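Working notes, structure below.
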Amino acid sequence: MQRTGRAGSFTAVDHVKVIDHALAQIPAAHRADVLVTIDGAGASHEVIDHLTALNTCKDHGGRGRRLEYSIGWPVDARTTNALARVRAQDWTCGLRADGRVDTDAQVVDLTGILRESVGGDELKGWPADMRVIARRTPRAEDEQAELGEDAAYRYGAFATNTPTGQVQWLDARHRTQAHVEDKMKELKATGAEKLPSASWDRNHAWIQLAALAVTLTAWMRHLGLSGDLAKAEPKALRFRLLAVPARLVHHARKQILKIPPGWAWAEHLATAYNRIHALHPA
């Protein structure tokens, strides 16, 4: 979605608009159980309140839409004070994305401390079902902490309305949204890094074309490629496959893809072509 140059990353109105458009693209049959993940820029009252309102299952005996969120939470003074009251035995080992124990990471649920703090409810005004979970990892020996930060650990936190599940699993689930950054890199690599015009409408069309290019290359990797090429970035795909000096010719009512015999990725290109063509032979 194209925005003005002065738009900030914490603009809740834009976040709500993107969320609504994203949900509208999901087929109705698959909107009953949705997880929305956002980084720390989404930790605003407007965004979380909007997501809470969309979670209708609790109001209709579990028959409505179950919409859960996992949003980065700032490690501000409120969170830091809660972390200071966590006992050593309250921390538990984290999990890696593959489910294995991550001995370098520890997680803890801060909701009870924040809700029942000495100074009162630190989460007053936020949805009642919102939880805050923190994670810490030890700093490297040569890593210098910034002023005011813990010298031994790096901290992070996120908010979620998922009522059940181990905090280790919820933490691992939240960190999987980091792949979004990779998709932004791909979007920039397919044309979105620099806009071509001073015209808003032309740039809007350009952004849509870049998004379409990202989608097409993603489907190509998913349906036609394997091995390293299935995870390759646009630059590698462009060099190895998209820019190959091949020709598509017609002979005897057949389509023949002629690839130079010395091309290192000729077999991969032919395999991808056959796989995709088999999905729609016509």
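Quick check on the range 240-282: of everything there that is out of contact with any strand residue (DSSP E or B) (no Cβ under 8 Å at 6 or more places or on another chain) and among the β-branched types (V, I, T), which residue is farthest from L225 (Cα to Cα)?
Here the answer is I259.
Among (1) within 26 Å of T176 (Cβ to Cβ); (2) in contact with a helix residue (DSSP H, G or I) (Cβ under 8 Å, 6 or more places away or on another chain), which single condition is T103 missing?
With (1) within 26 Å of T176 (Cβ to Cβ); (2) in contact with a helix residue (DSSP H, G or I) (Cβ under 8 Å, 6 or more places away or on another chain) applied to T103, the lone miss is (2).
Any residue at all in the range 109-129 that's touching a helix residue (DSSP H, G or I) at 6+ places or on another chain (Cβ under 6 Å), assigned by TED's automatic domain parsing to the domain that holds R173 and in contact (Cβ under 8 Å) with a residue 60 or more places away in the chain? Please lay out each step first, then the result.
Narrowing the range 109-129 to residues touching a helix residue (DSSP H, G or I) at 6+ places or on another chain (Cβ under 6 Å): 109-110, 113-114, 121-123, 127.
So of that shortlist, the ones also assigned by TED's automatic domain parsing to the domain that holds R173 come out as 109-110, 113-114, 121-123, 127.
Those still in the list that are in contact (Cβ under 8 Å) with a residue 60 or more places away in the chain too: 127.
Among the residues of the range 109-129, at least one is touching a helix residue (DSSP H, G or I) at 6+ places or on another chain (Cβ under 6 Å), assigned by TED's automatic domain parsing to the domain that holds R173 and in contact (Cβ under 8 Å) with a residue 60 or more places away in the chain, which makes the answer yes.
Of everything in the range 219-258, what is of a type in the set (D, E) and touching a Pro at 6+ places or on another chain (Cβ under 9 Å)? Give them in sequence order.
Within the range 219-258, no residue meets the criteria.
Based on what the data block shows, is D98 farther than 29 Å from H45 by Cβ and at pLDDT below 95?
Here the answer is yes, as D98 does meet what is asked.
What single numbered condition from (1) surrounded by fewer than 14 Cβ atoms within 10 Å (Cβ to Cβ); (2) within 27 Å of M184 (Cα to Cα); (3) touching a residue at least 24 places away in the same chain (Cβ under 8 Å) fails to hold for G224?
Going through (1) surrounded by fewer than 14 Cβ atoms within 10 Å (Cβ to Cβ); (2) within 27 Å of M184 (Cα to Cα); (3) touching a residue at least 24 places away in the same chain (Cβ under 8 Å) one by one, G224 breaks only (1).
Being touching a residue at least 40 places away in the same chain (Cβ under 8 Å) and touching a Leu at 6+ places or on another chain (Cβ under 9 Å) is the filter; apply it to the range 178-216 and report the residue that is surrounded by the most Cβ atoms within 10 Å (Cβ to Cβ).
Looking at the filtered set, the residue picked out is T190.
Determine if the range 72-89 includes at least one residue that is assigned by TED's automatic domain parsing to the domain that holds A24, closer than 23 Å to A43 by Cβ, modelled with pLDDT of 95 or more and among the charged types (D, E, K, R).
no
Looking at the range 13-31 only, could you name the residues that are in contact (Cβ under 8 Å) with a residue 24 or more places away in the chain and loosely packed, with under 13 Cβ neighbours inside 10 Å?
V13
Do we find a residue being closer than 26 Å to D182 by Cβ, within 29 Å of the chain's Cα centre (by Cα) and at pLDDT below 90 anywhere in the range 242-262?
Our first condition is that a residue be closer than 26 Å to D182 by Cβ; within the range 242-262, this holds for 242-244.
Now restrict to residues that are within 29 Å of the chain's Cα centre (by Cα): 242.
After this cut, where a residue has to be at pLDDT below 90 as well, the list is 242.
Looking through the range 242-262, at least one residue is closer than 26 Å to D182 by Cβ, within 29 Å of the chain's Cα centre (by Cα) and at pLDDT below 90.
Select from the range 142-177 the residues that are polar (S, T, N, Q) and part of a loop (DSSP other than H, G, I, E, B) and write down the one among them that is surrounded by the fewest Cβ atoms within 10 Å (Cβ to Cβ).
Among those residues, the one meeting the criterion is T164.
Looking only at the range 92-141, count how many residues are part of a loop (DSSP other than H, G, I, E, B), surrounded by fewer than 18 Cβ atoms within 10 Å (Cβ to Cβ) and over 26 Å from the mean Cα position of the chain (by Cα).
Total satisfying the criteria: 8.
Can you tell me how many residues in the range 70-91 are farther than 11 Å from D171 by Cα, in a strand (DSSP E or B) and among the polar types (S, T, N, Q)?
So the answer is 0.
Within the group E181, E233, which residue is modelled with pLDDT under 90 and among the acidic types (D, E)?
When all the criteria are applied, what remains is E181.
Please state which one of D150, D129 is over 30 Å from E193 (Cα atoms), modelled with pLDDT of 90 or more and touching a Ser or Thr at 6+ places or on another chain (Cβ under 9 Å).
Result of the check over D150, D129: D129.
The values are calculated or read from the model by the stated rules, or taken from the named source; none is laboratory data. If you're wondering where the values come from, they're calculated on a predicted model, not measured in any experiment. Backbone-built Cβ (ideal geometry, glycine too); neighbour counts: all protein chains shown.
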